[in-house]
1. Please go through the stretch 511-547 and give me each residue that is free of Cβ contacts under 8 Å to residues at least 40 places away in the same chain and over 25 Å from A375 (Cβ atoms), ordered by number.
2. Please note which helices (runs of 4 or more DSSP H) are completely contained in the stretch 319-425 and include at least 1 residues that are of a type in the set (G, A, S).
3. Mind checking which residues of the stretch 189-217 are small (G, A, S) and buried (at least 21 other Cβ atoms within 10 Å of the Cβ)?
4. Can you tell me which of (1) more than 21 Å from W358 (Cβ to Cβ); (2) modelled with pLDDT of 95 or more; (3) more than 10 Å from the ligand (Cβ to nearest atom) is the one P407 doesn't meet?
5. Find all pairs meeting these conditions: Cβ atoms under 8 angstrom apart; at least six residues apart or on different chains; first residue within the stretch 404-423 and β-branched (V, I, T); second residue assigned to a loop (DSSP other than H, G, I, E, B) and within 16 Å of the ligand (Cβ to nearest atom).
6. Take the residues in the stretch 509-526 that are within 23 Å of the chain's Cα centre (by Cα) and closer than 15 Å to R453 by Cα; name whichever of them is nearest to the ligand (Cβ to nearest atom).
7. Can you pull out the residues in the stretch 391-403 that are open to solvent by 10 Å² or more (accessible area, probe 1.4 Å) and either in contact with a Lys or Arg (Cβ under 9 Å, 6 or more places away or on another chain) or among the aliphatic types (A, V, I, L, M) (or both)?
8. Just to verify a result, which residue in the stretch 424-458, among those that are small (G, A, S) and within 12 Å of the ligand (Cβ to nearest atom), is farthest from V298 (Cα to Cα)?
Amino acid sequence: MATKKKKTSKPKKTSPKRAKLHGEVFFPSKEVIAQANLKDWDATAKRAGKDLEGFWADEASELEWAKPWTMVLDDSKQPFFKWFTGAQVNIVHNCIDRHLKTYRKNKLALVWESEDGKEERSFSYFKLNREVSLMASIIKSLGVEKGDRVTIYMGRVPEIIFAMLACAKIGAIHSVVFGGFSVDALQGRIADSASKLVITCDGSYQNGKLIELKRIADEAVAKCPSVENMLVVRRTGQVVTMQPERDHWYHELLESPVAKERFPTEVMDAEDPLFILYTSGSTGKPKAIVHTHGGYMVGTYTTLKYVFDLKDDDRWWCAADPGWITGHSYIVYGPLLNGATSFLYEGGPAFPNPGRWWQLIERYAITVLYTAPTAIRGLMRFGEDWPNQYDLSSLRLLGSVGEPINPEAWKWYYTVIGKERCPIMDTWWQTETGMFMITPTPVVPLKPGSGTRPFFGQEAEIVDEQGKPVKDNEEGYLVLKKPWPAMLRTIYGDPDRYVQQYWSKFPGKYMTGDSARRDEDGYFWIIGRVDDVIKVSGHRLGTAEVESALITHPAVAESAAIGLPHELKGQAIYCFVLLKPGQTASAELAEELRQHVAKHMGAIARPEEVRFVDKLPKTRSGKIMRRLLKARAQGLPEGDLSTLEE
Ligand code: WTA
């Protein structure tokens with residue numbers, strides 16, 4: 001049982017370290033410490049701090065390499081860092097092939113349940129290898145070669161995982177586009193990556209509704225000349241149009257001679273790209289973040305092993321979507337690298353009822369649940385009766401990611417779900433970092449709402465506009481000072497933007513784009529983004545993308561999108577629209593514009609509200625002052641207005 005301990009003036013029988021912590025602190029229980037693979041956090045942190053390369057080399061040595069590295073870290077061309085240079089490896093070798101030589105061959109790698117609860121599919125490592133080999137041979141037969149890009153646009157079905165791993169197995173670079181995105185978002189990402197192949201499903205289920213993935217993909221691909229083939233997995237059975245020559249049913253190719261149950265895993269250089277993943281940044285179109293076979297593999301393997309203390313009998317559930325980085329690193333790669341059993345659920349948290357998730361935990365005896373605060377807040381609304389109907393005693397650890405977790409949600413999660421037995425690992429990281437960066441491990445004392453301290457080998461700092469460290473508890477820019485193996489290598493096709501975006505504001509330090517503070521105990525507290533990124537229900541969206549969707553509507557002359565605090569979603573999108581001459585503002589038009597954004601970008605981007613304005617505040621150089629719109633909308637101080645045009 002974890003005990004809640006406030007700082008007291010006379011701490012009894014506690015170590016000096018305990019007494020030193022300020023504020024509300026939850027200490028790990030004896031049971032948690034006894035279970036933990038890694039008991040001495042301080043010693044490991046100290047060791048990694050002194051010998052960063054040695055620490056990571058030891059972790060890397062736990063995995064199998066086709067050829068060893070000549071250098072752990074090559075920082076000669078900063079900020080273009082390289083890890084494990086000279087080495088050869090394929091991440092799939094360590095996710096699958098390696099385990100086939102051990103008892104894990106018959107261990108469950110993946111368990112899946114359908115949204116309606118009527119279907120369960122499970123795959124041992126042996127079976128996973130067969131599925132991935134079949135998909136890899138089929139992809140290869142469609143002319144995909146090492147280094148080619150493949151866009152994956154699917155629902156939460158096992159095949160999305162096979163597709164990712166199949167691409168990696170043959171050395172193709174996957175680019176997964178979240179299945180909740182719509183035409184514009186998909187088209188932009190296919191075109192930017194010049195993908196040769198698109199893998200999709202006929203459709204997907206979302207809260208009982210059918211999403212027409214194939215139709216959306218058809219519309220997107222129509223404007224993407226790079227696409228030669230489309231591979232379609234049947235999921236819903238809905239009617240779709242198949243274009244002869246270009247489109248292929250997966251189940252038909254599975255029956256054809258091109259499908260091979262055994263297929264070789266391509267040997268890659270450690271620094272070869274594994275995938276690109278588009279994410280929103282400040283202004284402009286989404287950036288394609290590049291991750292590699294070697295470093296990303298070592299980073300996701302190590303972080304999951306230590307932070308969630310993975311054990312052989314764990315049943316791990318990361319309830320994110322495979323289409324986001326959380327799904328890439330911690331549904332697919334991290335768990336498989338650790339030889340764990342990963343659970344994938346097709347549906348959302350509250351469908352058909354708010355007990356669904358808790359039922360799944362009981363049904364599959366999930367031991368670790370990793371999810372986002374928005375899901376917790378959403379489920380908390382329905383009260384304790386729902387979780388209390390189910391046996392949640394299999395749980396031993398909980399996790400949180402994607403946005404700051406508010407203390408109320410933290411406590412509900414801790415008490416009602418974890419029964420005060422399960423420490424909550426609040427993990428701060430990004431698409432760009434590939435792996436957890438600020439996070440506790442189970443033995444670290446927790447403060448609700450703080451991700452505690454940087455992971456082994458990392459140093460974080462809070463700096464002011466000039467890059468000078470600020471005092472304890474003062475807000476500033478969060479920067480990272482040390483390279484790490486799973487760090488992004490570049491922005492695909494735009495290395496200048498990589499340098500400019502992450503490394504130019506504070507030379508030598510990685511700029512996260514977040515503001516934060518560090519308290520007197522060295523614990524970090526994330527405040528939020530400092531750029532034009534909005535986190536809606538943990539999903540990362542850019543104001544620029546919402547604005548470009550709005551502008552395609554014939555009535556809109558100009559628009560500005562901002563994120564404002566929202567009780568359930570964390571943040572929600574608010575839009576200010578300037579209409580073209582002759583257009584009249586009305587509630588109907590506002591509603592039409594909301595739907596317009598949803599249709600073009602996806603339902604997650606549907607604005608909470610559209611307001612019509614006569615003028616948008618701009619700087620003299622013509623940039624929209626979203627900061628001012630945000631302050632006004634919340635009745636907050638408007639700050640420095642010297643750059644505002646008359
Ligand atoms: C935010 C998600 C507070 C942060 C893995 C970051 C968090 C952005 C946390 C990256 C957390 C992520 N506490 N804020 N534990 N985790 N964030 O790329 O603003 O979708 O910069 O990666 O999410 O979002 P992304």
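1. M511, E547
2. 334-337, 373-380, 407-412
3. Step one: list which residues in the stretch 189-217 are small (G, A, S), which gives 191, 193-195, 203-204, 208, 217.
Across the stretch 189-217, the qualifying residues are S193, S195, G203, S204, A217.
4. All conditions pass for P407, except number (2).
5. So the pair list comes out as I405/P448; I405/G449.
6. As a first pass, look at the stretch 509-526 and keep what is within 23 Å of the chain's Cα centre (by Cα): 509-517, 523-526.
Subset that is closer than 15 Å to R453 by Cα: 516-517, 523-526.
Working: A516: 8, R517: 12, Y523: 12, F524: 9, W525: 9, I526: 4 Å.
The selected residue is I526.
7. Our first condition is that a residue be open to solvent by 10 Å² or more (accessible area, probe 1.4 Å); within the stretch 391-403, this holds for 391, 393-394, 396, 401-403.
Residues satisfying the conditions are S393, S394, R396, V401, G402, E403.
8. Step one: filter the stretch 424-458 for residues small (G, A, S), giving 434, 449-451, 457.
Then drop every residue that is not within 12 Å of the ligand (Cβ to nearest atom), which leaves 434, 449-451.
On the way: G434: 11, G449: 28, S450: 25, G451: 22 Å.
Per the criteria, the residue is G449.
The values are calculated or read from the model by the stated rules, or taken from the named source; none is laboratory data. The shown structure was predicted, so the numbers you read here are calculated from the model rather than taken from an experiment. Cβ sites come from the backbone with ideal geometry, for glycine too, and all protein chains shown count toward neighbours. The accessibility values were calculated without ligands, DNA or RNA, using every heavy atom of the protein model including side chains. Shrake-Rupley method; radii C 1.70, N 1.55, O 1.52, S 1.80 Å.
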